Amino acid sequence: MADGEEKRRQPAGPSLGRVAERLDPLAEPLGGAASDDSSDSSDSSDSSDRNDWNDWNDWRWQLRNRMRSADELAQVFPLTESERQHIDGGRAFEVGVTPYFASLCDPSDPTCPLTRQVIPQIAEQHRATYERVDPLGEDPHRVAPGLVHKYPDRVLLLVTDTCAAYCRYCTRARWVAGHEAPLGGDGLDAALAYIAAKPEIVDVLVSGGDPLLLSSARLGHILDRLAAIDHLRFIRIGTRVPVFLPMRVDAELCAALRPRRIPIYVNVHINHHRELAPLTRDALARLADGGVPLGGQTVLVAGVNDDADTLRETFYAMLSARVRPYYLFHCDPVVGTAHLRTSVDHGLGLMRALIGRCSGMAVPKYCIDLPGGGKVPLWPDYVEAADREALTVTDWRGRRWQYPNSATCEVSTGLLDDTGLLDNEEPATVVDGQGHGTPRTR
Ligand code: SF4
């Protein structure tokens, strides 16, 4: 039987009602945020407190109660028999969903953009010819434990392989969820010694896995030691914790992320405006109030955010949550992710649909990432022709313009048509979202 014809078994069982009851992201907190006892997060499957719903706002409870097996997922998400077998035996990459993130998903909607990011599909078993295990070519550039050095003045420090939930398109699926111990001891010493010996390095990107799953004490210790390296000018952290596990952003974590001699920028991976639920917005506000500058990284994922309206709303929602959209990454060609990838052409079309139609602050850089070649920003081409005197450009509405190219040229700025420069002034107009103008009334 073809997969599409397979019957999806609807969730059933005594726990569904309780899950659904708690799966309300607008629910008031049941108690205070958990304190951090400085132990790192654990992938422990200890289920002794699986039904203690009063601990919903305890991030450790959320981690312990992640849905990881087909049986656990099937309590909330309808799965076919093939999907169940894939999750329990055939998949190549870890599965894990926090109860909190599951609460944002709509299991009754087969096109739910949040479900699609964390629930495996059979299509993961297909390998496109161009896909790679290490699509960014990081492994050949490992210079010390956890340390990748690809660019002259910056390095990537991978401090843990654990995430709160596992994105199906993860670029580092080859390594993430490998159940290795967090970077520490001799490994951390060696990585920091390498950085300290290279004065040309000014920027360390701390990533993983998710660095915010380290204990606050361990994360603070790593940041203290990095900040003590004189030639570093700033530190960046990449995380998806505010989306998957916002209750983790407690006072101790905010204190660990405080600026030192050098600033610490936190880039939050956000793909869809529905991820910015109240608990996530509160977590982002705690970080921002704690003096942490926030940027946003979004992955363009087919069926999740690959239309202009969704992206525009997502970037505006990020800005209103104090997160400046920074990168829109084309989905890297990691093995088993073709079903989650758009064409690059489509991505450029989305950028063209955004530019001019929404605030420049809401338009991130769209990038592909080359193995060993780094990020390449892609921008729709607005320059039709250029010589020493003038440029011919198109504006966001598709109209052609002449624009002076040099300070000494004698051409003027003006609209063009097929016969040449139009002798007119741009009329004052009010423009709708589609770029149609109507005369402005005075
Ligand atoms: S949070 Fe980042 S590192 Fe973790 S699974 Fe998602 S993409 Fe991969």
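Along the positive direction of the dipole of region 282-323 (beta-carbon charges: Lys, Arg +1; Asp, Glu -1; about the Cα centre), which of 293, 323, 304 reaches farthest?
Positive-end residue among those listed: 293.
What FRET efficiency, computed as 1/(1 + (r/R0)^6) with R0 = 41 Å and r the Cβ-Cβ distance, is obtained for residue 258 and residue 123, rounded to the nearest 0.05?
Once the sixth-power term is evaluated, E becomes 0.40.
For region 134-282, how big is the tail of P(r) above 21 Å, as a whole percent of Cα pairs?
Across region 134-282, Cα pairs with separations above 21 Å total 42 percent.
If you count, for each residue, the other Cβ atoms within 10 Å and average over each peptide, how do 407-414, 136-143, 171-178 line up from highest to lowest?
Highest mean packing first, the order is 171-178, 136-143, 407-414.
Work out from phi, with θ = phi - 60° and the Karplus expression 6.51 cos²θ - 1.76 cosθ + 1.60, the ³J(HN,Hα) of each residue of region 313-320, listed in order in whole Hz, and give x for Gly and Pro.
With coefficients 6.51, -1.76 and 1.60, one gets 5, 5, 5, 5, 5, 5, 4, 6 Hz.
List the residues whose amide H sits under 5 Å from the amide H of residue 160, counting only those 5 or more places along or on another chain, with H placed 1.01 Å from N in the peptide plane.
Result for residue 160 returns 183.
Once you order the gyration tensor axes a ≥ b ≥ c over the Cα atoms, which shape class does region 304-389 get: rounded for a/c under 1.5, otherwise prolate or oblate by comparing a/b with b/c?
Because a/c hits 1.5 or more and a/b fails to exceed b/c, region 304-389 counts as oblate.
Starting with the highest mean, order 270-278, 382-390, 287-295, 316-324 by the number of other Cβ atoms within 10 Å, averaged over the residues of each peptide.
Going from most to least packed, we get 270-278, 316-324, 287-295, 382-390.
How about residue 7: which lysines have a C-alpha closer than 20 Å to its C-alpha, ignoring those fewer than 8 places off in the same chain?
Correct list for residue 7: empty, as no lysines qualify.
Label residue 85 and residue 322 with points 7 Å out from Cα along Cα→Cβ: what is the distance between them in nm?
Taking the simple label geometry, residue 85 and residue 322 are separated by 5.0 nm.
With each label point set 7 Å from Cα along the Cα-Cβ vector, what nm distance links residue 375 and residue 9?
Those two pseudo-labels are separated by 4.4 nm.
Within the set of other residues whose C-beta is less than 14 Å from the C-beta of residue 204, count the net charge using Lys and Arg as +1 and Asp and Glu as -1.
Result for the local shell: +3.
Using amide H atoms built in the peptide plane, which far-off residues or other-chain residues are under 5 Å from residue 334 H to H?
Residues meeting the amide H criterion: 132.
Kindly write out, for region 93-106 in residue order, the coupling ³J(HN,Hα) from the Karplus curve 6.51 cos²θ - 1.76 cosθ + 1.60 (θ = phi - 60°), rounded to whole Hz, with x marking Gly and Pro.
Karplus-based 3J(HN,Hα) across region 93-106 equals 10, 3, 10, x, 9, 6, x, 4, 5, 4, 5, 8, 6, 10 Hz.
So which lysines can residue 150 reach, going by Cα to Cα under 24 Å and dropping same-chain residues fewer than 8 places off?
Candidates past the 8-residue exclusion: 198, 365, 375.
Can you check what the net charge comes to around residue 337, using other residues whose Cβ is under 14 Å from the Cβ of residue 337 (Lys, Arg +1; Asp, Glu -1)?
Net charge in that neighbourhood comes out at +2.
For residue 311, what is the net charge nearby, where nearby means another residue's Cβ is under 14 Å from its Cβ and Lys, Arg count +1, Asp, Glu -1?
With Lys, Arg at +1 and Asp, Glu at -1, the neighbours total 0.
None of the figures in this text is laboratory data; all of them are computed from the coordinates on show. What you see is a predicted model, and the numbers here were worked out from it, not measured in a lab. As a convention, Cβ positions derive from the backbone with ideal geometry for all residues, glycine included, and neighbour counts pool all protein chains shown.
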